[in-house]
1. For the chain, with every protein chain kept in place, what is the accessible area per residue (1.4 Å probe, Å²)?
2. Would you please give the FRET efficiency between ASP137 and LYS286, computed as 1/(1 + (r/R0)^6) with r the Cβ-Cβ distance and R0 = 35 Å, to the nearest 0.05?
3. Assuming R0 = 45 Å, what is the FRET efficiency of GLU23 and ARG206, from their Cβ-Cβ distance, to the nearest 0.05?
4. Could you give the length gained by full extension between VAL80 and SER303, i.e. 0.36 nm per residue of separation minus their alpha carbon distance, to one decimal place?
5. Among ALA129, PRO115, LEU182, pick out the residue whose Cα is farthest towards the positive end of the charge dipole of the chain, where Lys and Arg carry +1 and Asp and Glu carry -1 on C-beta, about the Cα centre.
6. Normalised by the number of residues in the chain, what is the relative contact order in percent for Cα pairs under 8 Å and 6+ residues apart?
7. Using a simple spin-label model with points 7 Å from Cα along the Cα→Cβ vector, what separation in nm is obtained for LYS331 and ASP57?
8. Hey, any idea what % of the chain's accessible area is carbon plus sulfur with a 1.4 Å probe?
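The values are calculated or read from the model by the stated rules, or taken from the named source; none is laboratory data. Nothing here was measured: the structure is a model prediction, and the numbers come from that model. Cβ placement follows ideal geometry from the backbone for every residue including glycine, while neighbour counts extend to all protein chains displayed. In case anyone asks, the SASA skips ligands and DNA or RNA and just uses the protein heavy atoms, side chains included. Shrake-Rupley method; radii C 1.70, N 1.55, O 1.52, S 1.80 Å.
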Amino acid sequence: MKAMITTGIQKMEMKEALRPKPEPGQVLVKIEYCGICGSDVHFYKDGRIGDHILEDDIVLGHEVSGIVTELGENVTQLQVGDRVAMEPGIACGKCSFCKSGLYNLCPEMVFFADPPVSGALQEYVVHPADLCFKLPDNVSTMEGALVEPLSVGLHAAGMGDVKLGQSIIILGTGCIGLVTLLACKARGAAQIVVVDLYDKRLEFARKLGATHTINAKKDNVEDKIKEIFSGQGADVVFETAGSIVTIAQTPFLAKRGGTIVLVGQASESKVSYNFAEVMIKELTIKSVFRYRNSYPVAIAALSTKSIDVKQIVTHEFEFKDSKLAFDTVIKDAENVVKGVIRF
Ligand SMILES: [Zn+2]
Ligand SMILES: [Zn+2]
């Protein structure tokens with residue numbers, strides 16, 4: 001089979017690799033779509049994310065879907081030919097976090113394209129059958145690949161406990177900002193304010209359901225928020241930009257008694273933060289690490305059309321053009337909202 005190997009900083013080439021055999025409990029999946037995630041791009045562009053350093057050749061890609069082509073022993077829940085979305089993280093299933101359902105916090109987690117673990121930018125991948133979720137007929141494999149980023153948005157909106165009629169602010173309109181928007185809209189948020197530095201991105205957010213947009217390059221965000229919410233902030237503020245500036249802004253944008261959900265990870269680990277503002281307003285701060293138990297929910301939301309995630313895809317590339325795909329995402333950050341690779 002063919003595998004797309006990242007061999008160094010901004011180096012990627014197609015190589016021959018052995019097609020894996022499914023072990024008991026696993027299935028072999030022929031990959032159909034792989035989304036390009038910000039984390040993949042970081043590893044490709046800089047060879048690292050923070051102190052997580054790429055030391056060897058690696059196959060990137062963790063937002064994947066495909067078709068089951070072979071069953072390992074004891075697999076009864078799937079059949080050859082099933083189209084599946086693949087949840088990329090394999091937790092131990094034995095620790096207290098796993099047993100209490102918080103498996104995204106499992107210290108033994110093995111995750112696609114998290115060095116040294118290989119990802120899915122290759123023709124075939126073996127994976128535990130219980131992490132391959134069968135797609136209904138009306139959900140495409142392209143949407144199947146987008147279940148992964150959508151899961152982050154659903155988890156974030158869930159942590160924020162967004163309710164019908166509430167007001168929301170989302171800082172950042174990258175893929176995660178937009179899937180958070182879709183998740184909040186599906187939960188019935190009434191006012192959704194989106195903040196970014198690019199007008200094109202803000203326009204895109206409006207198409208997806210943002211009721212107000214603020215360009216932080218042109219306007220003072222705090223003033224604008226006060227204007228929109230008659231002097232108050234929003235019920236829930238989501239930080240998805242992962243910048244120390246926007247993280248520090250969050251307590252000033254939340255309403256008294258409101259909630260802040262930190263989703264984007266800044267490259268700096270220490271951020272100066274006004275805790276007096278948090279305490280005066282009795283704010284709740286929550287954080288999000290990936291997601292848990294969200295694949296069935298995401299797939300149901302796509303199947304019932306509660307969420308239309310494919311709208312975020314702006315660029316589609318062929319597998320052989322994976323390098324071009326990554327280079328385009330880097331060069332044209334303003335226009336590429338979400339790029340996907342088709343096999
Ligand atoms: Zn991702
Ligand atoms: Zn565990």
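1. It amounts to 46 Å² per residue over the chain.
2. It comes to 0.45.
3. Rounded to the nearest 0.05, the efficiency is 0.40.
4. Between VAL80 and SER303, full extension yields an extra 78.1 nm.
5. LEU182
6. Relative contact order of the chain: 17 percent.
7. 2.6 nm
8. 51 percent
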